[in-house]
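Read through the structure below, which is laid out as structure tokens, and then see the notes.
The values are calculated or read from the model by the stated rules, or taken from the named source; none is laboratory data. The structure presented is a predicted model; accordingly, all values stated were derived computationally and were not measured. FYI the Cβ positions are ideal-geometry reconstructions off the backbone, even for glycines, and counts take in every protein chain you see. Surface areas here come from the heavy atoms of the whole protein model, side chains and all, with no ligands, DNA or RNA. Shrake-Rupley method; radii C 1.70, N 1.55, O 1.52, S 1.80 Å.
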Amino acid sequence: MQTILTIAERHGALIVFLNVLLSQGGLPLPALPTLMTAAALARPSPYQITQIILAGVSGALIAEFTLYWCGLRYGQRFLGLLCRLSFSPDFCVRRTEEVFARVGSWSLLFAKFIPGLSLITVAMAGVTKMTVLAFLLLDGIGALLFISAAVALGLLFQDAITSVLSRLMDLGKIGGLIVLAAIGLYMLTKWWRRRLFVRQLRMDRITVAELRKLIDDDQEIVILDVRPKEIRAQEGIIPGAVSAHPADTDPALKSYPREMEIVVYCACPNEESAATAAKHLRQAGFKKIRPLLGGIDAWVRAGHPVDRAS
């Protein structure tokens with residue numbers, strides 16, 4: 001443990017840079033504890049504090065500019081990839097799009113303070129064709145605010161942090177194992193939440209071709225759009241779809257028999273909204289619920305029309 005602390009004291013800025021680079025790049029590595037610990041260990045040296053802040057901001061900008069460029073280059077396809085790989089399903093593509101639609105590019109200033117939001121927000125900046133200069137300016141300010149706040153917390157709680165580190169140092173190898181176990185537990189929790197989320201989405205799906213055939217055959221079905229209102233207005237809806245909040249579907253469907261087949265869609269297939277809506281529909285007594293495979297993006301790619309939302 002003493003060796004680990006010595007390395008942290010000597011190479012705190014490098015450790016912060018790598019941690020923030022990987023964290024903001026999408027890996028489930030917590031940056032806040034590293035920033036606070038590095039700041040607490042560097043408190044006697046203002047020069048080291050400056051180094052830590054610059055290292056953190058640099059790591060964030062490099063990682064997030066890469067995401068921005070991928071969003072600019074590959075558009076919605078890259079957002080769909082992030083949606084499938086994200087370890088924070090509660091803030092996936094369309095939830096972030098809702099924030100971005102309301103706040104716009106200014107969301108880059110506070111996105112890093114909300115777990116799971118930053119990853120998609122910076123990619124959204126590329127998809128919406130934000131200029132490089134505007135992105136670097138707003139994202140740089142956002143990174144500076146976040147890194148500085150974390151460093152300030154480390155300085156504020158310096159005594160408590162160094163006390164914990166001293167206790168771990170007294171434990172020797174056991175202390176090092178405790179630190180590694182804590183990091184491993186954090187990553188395992190993230191992974192397990194992701195598995196539960198994916199399992200929740202594993203239900204019978206309906207393809208775009210099957211839905212098109214049901215519509216053409218005048219079958220009795222209800223198509224439920226659970227995307228945010230702003231996104232529906234911007235991108236349109238599948239013809240005949242009923243709009244509803246994913247957690248408040250019952251009022252929208254109260255006049256329909258519980259034996260009615262429900263097709264629910266949002267955007268990408270790993271969207272939390274579809275799983276949430278399906279859960280509430282089951283609780284409301286509906287028997288046959290099928291998410292649309294690929295969401296509305298698959299419907300549009302197949303060349304089918306959309307209606308403008310009212």
### Query
Can you put E261, E235, E64 in order of accessible area, largest first, using a 1.4 Å probe?
E235, E261, E64
### Query
Residues with amide H under 5 Å of V242's amide H, sequence separation 5 or more or different chain, H placed in the peptide plane at 1.01 Å from N; which?
I223, L224, D225
#### Entry: Spin-label proximity, A182 to the stretch 23-54 - amide N less than 14 Å from point 7 Å beyond Cα toward beta carbon
30-41
### Query
In terms of modelled amide H atoms, which long-range or inter-chain residues lie less than 5 Å from the amide H of G236?
A309
### Task
Can you tell me how much longer the chain between L32 and R167 gets when fully stretched, taken as 0.36 nm per residue apart minus their C-alpha distance, in nm with one decimal?
46.5 nm
### Task
With θ set to phi - 60°, apply the Karplus curve 6.51 cos²θ - 1.76 cosθ + 1.60 along the stretch 218-225 and write out the HN-Hα couplings as whole Hz, x wherever there is a Gly or Pro.
6, 6, 7, 9, 10, 9, 10, 9
### Query
How far is it, in nm, from the label point at L145 to the one at T131 when both lie 7 Å from their Cα along the line to the Cβ?
2.1
#### Entry: Cβ-derived FRET efficiency at R0 35 Å, K279 paired with Y74, nearest 0.05
0.65
### Residue order for L165, L144 - accessible surface, 1.4 angstrom probe, largest first
L144, L165
